[in-house]
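Have a look at the structure below, then the notes.
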Amino acid sequence: MTATARTFRRPARLRTALLALPIAATALLGGLASPAEAATAKAAAQRPLTCQGQGIDPTAKLHYQTQIFIKAPLSVVWRTHTDVAAWPKWQAAVTSMKPLTPGPMRPGSRFLWTTPAPATASTPATTLDITSTVQDVRPGQCTRWMGPAIGEGLRIDRGTHVWNFIKVPGGVIVRTEESWTGAQIEADPATAIRYLAPGLDQWLADLKAASEARVCQH
């Protein structure tokens with residue numbers, strides 16, 4: 001984490017890799033979804049993610065974008081996503097959740113949650129306390145929130161997380177993008193992306209499993 005020249009070179013390679021991720025996700029969808037769903041995913045993957053015109057932190061050196069097809073009604077997927085109090089029931093990575101603002105998700109809503117962070121070469125294993133504040137919501141279409149994540153020996157100054165929901169024949173394409181900023185993150189983005197990317201992929205997989213299970217129960 002101390003080699004300045006190496007730190008400056010890595011983001012360029014990471015940005016190149018990250019730009020290819022939506023295309024790879026679209027190719028995957030092409031094998032799992034109908035031609036109409038795959039075409040919709042391809043068109044969507046060419047656009048940056050925003051909610052009410054706002055996206056991730058444009059200055060962030062580290063970000064990741066991914067997507068998934070969920071075979072469930074939009075109403076079910078949206079309810080599963082926005083009911084933050086129930087996240088620990090279907091996300092193993094969310095070890096606790098405390099909504100700080102009553103009522104449905106809306107701009108200004110805040111929630112405090114925890115997630116484990118494994119040890120790295122320079123930081124110990126810890127639990128991150130994350131305070132998220134919702135910035136933008138368009139019901140059934142998108143959400144955007146941001147906030148710090150703080151643990152013992154580890155700090156993400158600000159994570160900015162955008163979600164898009166696209167209704168397609170047979171279900172919903174969910175796209176998500178997150179950026180991280182902070183001195184520790186920017187000092188070694190190659191290590192950080194090893195945790196950000198799989199974390200978002202797993203979040204989508206869990207959202208898919210939870211939403212589709214709700215459909216099967218009815």
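The values are calculated or read from the model by the stated rules, or taken from the named source; none is laboratory data. The model shown is predicted, which means the values in this text are computed figures rather than measured ones. All Cβ positions, even for glycine, are placed from backbone atoms using ideal geometry, and neighbour counts span all protein chains on display. Please note that ligands, DNA and RNA were not included when accessible areas were found on the heavy atoms of the full protein model with its side chains. Shrake-Rupley method; radii C 1.70, N 1.55, O 1.52, S 1.80 Å.
Going by the alpha-carbon gyration tensor, a ≥ b ≥ c the square roots of its eigenvalues, is region 53-114 rounded (a/c under 1.5) or, if a/c is not under 1.5, prolate (a/b greater than b/c) versus oblate? Provide the component values of the computation, followed by the final result.
Details: a/c = 1.44, a/b = 1.15, b/c = 1.25.
The shape class here is rounded.
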From Cα pairs below 8 angstrom and at least 6 apart in sequence, can you work out the relative contact order of region 61-218, rounded to a whole percent?
29 percent
For a test of the definition: using alpha carbon positions, the gyration tensor, and the 1.5 limit on a/c, classify region 70-193 as rounded, prolate or oblate.
prolate
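Quick one: accessible area per residue over region 75-139, 1.4 Å probe, rounded to a whole number of Å²?
Heavy-atom accessible area per residue stands at 50 Å².
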Using the Cα centre as the reference, give the magnitude of the dipole from point charges on the C-beta atoms of region 130-216 (Lys, Arg: +1; Asp, Glu: -1; all else neutral), rounded to the nearest 20 debye.
380 debye
Of the peptides 97-110, 170-183, how do they stack up when ordered by the mean number of other Cβ atoms within 10 Å, highest first?
170-183, 97-110
Over region 138-189, what percent of the accessible surface lies on carbon and sulfur atoms, probe 1.4 Å?
52 percent
Segments 150-156, 64-70, 88-94 sorted - mean Cβ within 10 Å per residue, highest first:
64-70, 150-156, 88-94
For LYS89, go through the lysines and keep the ones whose alpha-carbon is under 18 Å away, minus same-chain ones fewer than eight residues off.
LYS98, LYS208
Yeah, region 116-158 with a ≥ b ≥ c from its alpha-carbon gyration tensor (a/c under 1.5 is rounded, else prolate when a/b outruns b/c, oblate otherwise) is prolate
